[in-house]
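Student: Below you'll find the structure I mean.
Derivation of every value follows stated rules applied to the coordinates shown; laboratory data play no part. A quick note: this is a predicted structure, and the numbers were derived from the prediction, not measured. Virtual Cβ from ideal backbone geometry, glycine too; neighbours counted across all protein chains shown.
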Amino acid sequence: MTPPAATVSLHLPAGSAAAPGCTLLVTPQSAGWSYSGLAVLDLGPGESATWSTGPAETLVMSLAGSCRVTCDGTTYDVQGRADVFSGPSDFVYLPRDAELTVTSDAGGRFALPSAVCERRLPVRHQPADAVPVEMRGAGAASRQVNNFCTPEAFEADALIACEVLTPGGNWSSYPPHKHDEASATESVLEEIYYFEVADGPAGPGIAYQRVYGHDDREIDVLAEVRTGDVVLIPYGWHGPSMAVPGYDLYYLNVMAGPGEERAWRICDDPAHGWVRETWPDQQVDPRLPFGGGDGAGVGG
């Protein structure tokens, strides 16, 4: 029997996983797993941060603001964005075993999703207009997915990452799904959810995240999340992610796992998978997409 994920806190409120130089630092060691990681840097005007990727390929992307990334004597500009609801960010891919410096002239907040990997691929800059934007679901399950580092969108060795934006009152990561068994229809992936929630007229917003177990894999999370919070998902069904009325929801998903193939295959909870069959008869929420653009399709 697999023991419950009780040795590591699975809901990390904002600030609880801070480290020197980082407002958030999740490593494979701190998460109690082997591959997925995430750091968030908050830089004031003119501030810089140095970073070593170690055994993990790493991206530098904007959550708010712009920056420069210098690696191996070359500097790359990340034009960034005003905030996570303003459209996708461009980003820089850094290989494992690299040293880099991130500098922001005006200040900003930057995410560094990462995955322990084997191959050392070249440094690259990916422009924002190369990020596929997908409208997924329909009706109250409508959400926007920015597939900036999914297997079909960007070459990496192990890292899979995307952003999901959900209008207030809608549910995403729904139907609940999992990816914790190796099969033709499912891949084993550790997953990090990093949340930002839009403010309302009276202050910060809130949202909710559900994670639950199956068979002999016990896990039970129902977390009220706010901007800067993280939920770790080592296994189990996850979803829905609930954007409460009045507060738009953003989350960054970071995934990696042991499979030789870099693949994102999921399995719906059979008790709720029927919901997908209702989507063709509904319209995508007209509040989408965030940040302009047309988006494409009604996906999974």
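Student: Principal axes first, then extents: for the Cα atoms of the chain, list largest minus smallest coordinate on each axis, whole Å, largest first.
Tutor: The principal-axis extents, from largest down, are 53, 46, 35 Å.
Student: Further question on the same structure: Would you mind telling me which residue in Glu196, Glu118, Glu277 has the biggest mean-square fluctuation in a Gaussian network model of the chain, where springs connect alpha carbons within a distance under 10 angstrom?
Tutor: Glu277
Student: Kindly rank 252-259, 212-219 from highest to lowest mean number of other beta carbons found within 10 Å of each residue.
Tutor: For the peptides 252-259, 212-219, the packing ranking is 252-259, 212-219.
Student: Once the Cα atoms of region 130-171 are picked out, what are the Rg and Dmax in Å?
Tutor: Every Cα atom of region 130-171 included, Rg and Dmax give 11.8, 36 Å.
Student: In addition: If you project the alpha carbons of region 31-104 onto the principal axes, what extent comes out on each, in Å, largest first?
Tutor: Principal axes ranked by extent give 33, 29, 19 Å for the Cα atoms.
Student: Counting each DSSP H run of 4 or more residues in the chain as -39500 (n - 2.57), what helix-only mean residue ellipticity at 222 nm follows after dividing by all residues, to the nearest 500 deg cm²/dmol? Don't jump to the answer; show the numbers that get you there.
Tutor: Details: 1 runs with 4 residues, N = 300.
Rounded to the nearest 500, the figure is 0 deg cm²/dmol.
Student: So, how do all the Cα-to-Cα distances of region 89-151 break down into 5 Å bins, in percent, from 0 on up?
Tutor: Result, from short to long distances: 4, 12, 19, 21, 18, 13, 8, 5, 2, 0 percent.
Student: For the pair Thr23/Ser52, report the inter-label distance in nm, with labels modelled 7 Å from Cα in the Cβ direction.
Tutor: A separation of 2.6 nm, rounded to one decimal place.
Student: When the chain is fully extended, how far beyond the present Cα-Cα distance does Ala82 get from Ala184, taking 0.36 nm per residue of separation?
Tutor: On the way: separation 102, 0.36 × 102 = 36.72 nm, distance 4.03 nm.
Stretched fully, the Ala82-Ala184 segment lengthens by 32.7 nm.
Student: Nearest 0.05, what FRET efficiency do Glu155 and Ala106 give at R0 = 30 Å with Cβ-Cβ as r?
Tutor: Details: r = 31 Å, r/R0 = 1.03.
Efficiency at R0 = 30 Å is approximately 0.45.
Student: Bin by bin, in steps of 10 Å, what percent of the Cα pairs in region 147-300 do you find, going until the bin that has the longest distance?
Tutor: Histogramming region 147-300 at 10 Å steps yields 10, 38, 39, 13, 1 percent.
Student: Please list, in order, the residues from region 94-126 whose amide nitrogen is less than 14 Å from a point placed 7 Å along the Cα→Cβ vector of Thr70.
Tutor: It comes to 99-105, nothing else.
Student: More than 18 angstrom separation, counting every C-alpha pair in region 233-277; what % is that? Can you show the working numbers first?
Tutor: Working: 497 of 990 pairs.
Summing the P(r) of region 233-277 above 18 Å gives 50 percent of all pairs.
Student: Can you work out ³J(HN,Hα) from phi for every residue in region 273-286, in order, using Karplus 6.51 cos²θ - 1.76 cosθ + 1.60 and θ = phi - 60°, giving whole Hz and x for Gly and Pro?
Tutor: Residue by residue, region 273-286 yields x, 4, 4, 4, 5, 8, 5, x, 8, 10, 8, 5, 3, x Hz.
Student: Cα-Cα pairs above 26 Å in region 42-176: how many percent?
Tutor: Values: 2301 of 9045 pairs.
Value for region 42-176 (Cα pairs over 26 Å): 25 percent.
Student: Students often get this wrong: which residues of region 139-183 have the backbone nitrogen under 20 Å from the point 7 angstrom along Cα-to-C-beta of Asp216?
Tutor: 179-183
Student: Each residue of region 180-186 in order: what ³J(HN,Hα) in whole Hz does its phi give by Karplus 6.51 cos²θ - 1.76 cosθ + 1.60, θ = phi - 60°, with x for Gly and Pro?
Tutor: These are the phi-based 3J(HN,Hα) values: 10, 9, 8, 7, 5, 10, 8 Hz.
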